[in-house]
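Scroll down for the structure; my scribbles are underneath it.
The values are calculated or read from the model by the stated rules, or taken from the named source; none is laboratory data. The structure presented is a predicted model; accordingly, all values stated were derived computationally and were not measured. Backbone-built Cβ (ideal geometry, glycine too); neighbour counts: all protein chains shown. To get the accessible areas, we keep the full protein, side chains included, count just its heavy atoms, and leave off ligands, DNA and RNA. Shrake-Rupley method; radii C 1.70, N 1.55, O 1.52, S 1.80 Å.
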Amino acid sequence: MTKRARPILQLPRTVAERTLSVAGLGVLVSWLVILAWTWNTIPSRVPMHFGVSGRADAWGDRATLLLLPAVGTVLYAVMSVLERFPHTYNYPVRVTAENAATLYRLGRWLVLSIKLSLVCTFAFLSYMSVCVARGDAVGLGPWFAPALILPLFAVTGVLVFRMWRAK
């Protein structure tokens, strides 16, 4: 069985796609600036992990706060490169010359949405770690996991459904 080559299209980014990307970059840069600006006011011990209940269950040096921005920055960069190659993604339907442009745009939307979601989630976790360390909060709260997971599943579900319709 031979593998069919997918069309490689140079699709210009839409205003909405650029807006999502700039929003993610804005969150990332703001997060790094705020963390640097407030570094000397952050307690020496901060939460490193939150359990299922949302309460901190592991503590460490405040330098561990630098891991989230480092990972967030790397993920943002990798996903920014990945979004430029939608012909390499796995799609739930066969990619043809007729549906390639639609599928590639939807795939790019999915990557952009996940990228923005990851950066926002990591920034929020960093913020909440500082709040818990200062005693301004007890934990993330039990709503954190559903508030993170449900929108990601909703966006993914809608985009996959639209891909199925595009076949």
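Rounded to 0.05, the FRET efficiency of the CYS131 and ALA77 pair, given R0 = 35 Å and the Cβ-Cβ distance, is 0.80.
Applying 1/(1 + (r/R0)^6) with r as the Cβ-Cβ distance of THR14 and LEU66 and R0 = 41 angstrom yields a FRET efficiency of 0.75.
Can you give me the % of accessible surface on the chain that is carbon or sulfur? Probe 1.4 Å, all protein chains present, nothing else counted. Ligands and nucleic acids excluded, carbon and sulfur reach 68 percent.
Out of all Cα-Cα pairs in the chain, roughly what percent, to the nearest whole number, are more than 22 Å apart? Tail of P(r) above 22 Å: 53 percent of Cα pairs. Helices in the chain, meaning DSSP H runs of at least 4 residues, each add -39500 (n - 2.57). Divided by all residues, the mean residue ellipticity at 222 nm is -20500 deg cm²/dmol. The string of couplings for the range 16-27 from the Karplus curve (6.51, -1.76, 1.60, θ = phi - 60°) is 5, 5, 5, 5, 4, 5, 5, 4, x, 5, x, 5 Hz, one whole number per residue in order, with x for Gly and Pro. Once the Kirkwood radius over Cα pairs is known for the range 55-97, the Stokes-Einstein relation at 25 °C and 0.890 mPa s delivers a diffusion coefficient of 179 µm²/s. When you restrict to C-alpha pairs under 8 Å that are six or more residues apart and normalise by the size of the range 73-128, the relative contact order lands at 46 percent. Computed from Cα positions, the angle between helix 144-166 and the longest principal axis of the chain comes to roughly 10 degrees.
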